[in-house]
Amino acid sequence: MATKLSTTGHENRLSRNLAVYGLSADISISDVDVGLKQKHPVLRVADALQTLAAVGKFEGQFLMGHSSSAFSSDAEAGCNMLGDSLLTRLLYSVMLGRVYNSRKAKGKPLSLLVKNLSLELRDAFFNGVELAVGDDVRKYFLVPIAVKGDWPALAKVGQLTRHFGRQAQQKPGHGICHLCLADKDGYKDWHNLSYDRMLQMRVDAPMPWHQEPDLLSAVPIQESHKPNFFRIDLFHTLHKGLFADLCANAIVCSFDFDIFGNWFKGADTVSLMYFLENRLQNELESLDNDASSFFAEIVSALSAANKFMKCIYHSSLWLSKEERNTLLNSGYKFSNSFAKCAQAAYDWGLTRFKYQPKFHMFGELLFQLAFERHHNLPSISPLAFCTQLDEDFIGKVAAFSRAVSVRTVHERTLSRYMIALASRW
């Protein structure tokens, strides 16, 4: 119905009427200045939370989800990996890429939009948000703990000068990691993931930006911890990155050595890794010595990667010492096996097992856990900063945007979102 009414100019009236009958989340749409001719629509954080509380939908766990399908404990906090993503995330605003990416705009509208969000979060941190929960009026203080997103998003909103896209082919390098000096002069061995080397790469590392990002104003942060506010996303680093590369290399090498013949299997990364470990393990005895040693390392890498993923998806929000040790042992075993495979492929003249910046970022995940173990600190699961469900949320919002006129896409998309949100209550 909304799609049909959008062609006749009556959709805005429909949205208002649906809110009256509780069929649309009645969150006020506010306008903020982002440097364009017209102000930009947003759903302010405080307004969204107050609306949820007013209809009895705000609870302490409303935005926490239910961990992951592999984690079944009710006694410990999970990592927000289950449930409808529209119910476990909140939408602030939408903005067309062509609006902020034009030659004239040069990203300024997006930067100003993020700045407005930062100011709201800062106010919610220092002054709190009053919410009517039941018969009580309580003040809640929001504490932002991190920014997560895919690598291009982090580089953009963090204004990072060191990131994955700046790997140098020739000297001098700008650096590929916002947490350390990897790929800068003197640190070209960024694929060395040993604890001591990773620690050395952090010594005297300058801030990874020319101007401090606005998002850092949302909460007081110790200077040395500011780069780590922009967290590493397990989904793009492993699922769609390093472990996907491992599967691709294992498959291609199997064709190189005629193990699979004309066979091919398409599957997601985790399923494919389990399959390849079992399949290649069974093929080892049929290979000659050199090939057998090579594929034994591939199997070792697959086995370690599988153990890492199994552990992290069965863990709670806060890792136990045993879980942390399992992640570290399997993570370092994987990186060592991957390095041996890379060396063997290089010796044979095969363009396989190439080192990518995500290999180093995996090392950063391991270093964080190892540092916390070394200093007897608790470790939050890296899965907490994974973006699978966030991408699902963004995909649904993007679908709303494709069903409205491009002239009113920003406000109409927010209206569609509020209708969808109420439909899931």
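Details
- Within the chain, percent of DSSP bridges classed antiparallel, to nearest 5: 90
- Using Cβ point charges alone (K and R +1, D and E -1), the dipole size of the chain about the Cα centre works out to roughly 1680 debye.
- Förster radius 25 Å - calculated FRET efficiency between Ala168 and Ser194 (Cβ-Cβ, nearest 0.05): 0.70
- Surrounding net charge for Gly158, when Lys and Arg each add one and Asp and Glu each subtract one, Cβ distance under 14 Å: +3
- Centroid-to-centroid separation of the range 310-371 and the range 215-251 [C-alpha atoms, Å]: 13
- Remark: the range 133-143, residue by residue, has Karplus-estimated 3J(HN,Hα) of 10, x, 8, 9, 10, 10, 9, 10, 10, 8, 10 Hz, where x stands for each Gly or Pro and the curve is 6.51 cos²θ - 1.76 cosθ + 1.60 at θ = phi - 60°.
- The C-alpha atoms of the chain define a longest principal axis, and helix 289-313 lies at about 30 degrees to it.
- Relative to the current alpha-carbon distance between Lys106 and Phe126, full extension at 0.36 nm per residue lengthens the span by 4.0 nm.
- Choice from His239, His163, His210 with maximal GNM fluctuation in the chain (Cα, 10 Å cutoff): His210
- Between the residues His163, Trp151, Asn127, the greatest Cα displacement towards the positive end of the dipole of the range 124-192, with unit charges on the Cβ of Lys, Arg, Asp and Glu, is found for His163.
- Extension gain, Asp33-Asp290: 0.36 nm per intervening residue step, less the Cα-Cα distance, totals 86.1 nm.
- A crude spin-label estimate for the pair Lys310 and Asn329, with each label 7 Å from Cα along the Cβ direction, gives 1.3 nm.
- Estimated at 0.36 nm per residue, the fully extended path between Lys321 and Arg407 surpasses their Cα-Cα distance by 25.6 nm.
All of the numbers you see were taken from the coordinates with simple rules; none came from a lab. The shown structure was predicted, so the numbers you read here are calculated from the model rather than taken from an experiment. Ideal geometry is used to build each Cβ from the backbone, glycine not excepted, and the neighbour counts take in all protein chains shown.
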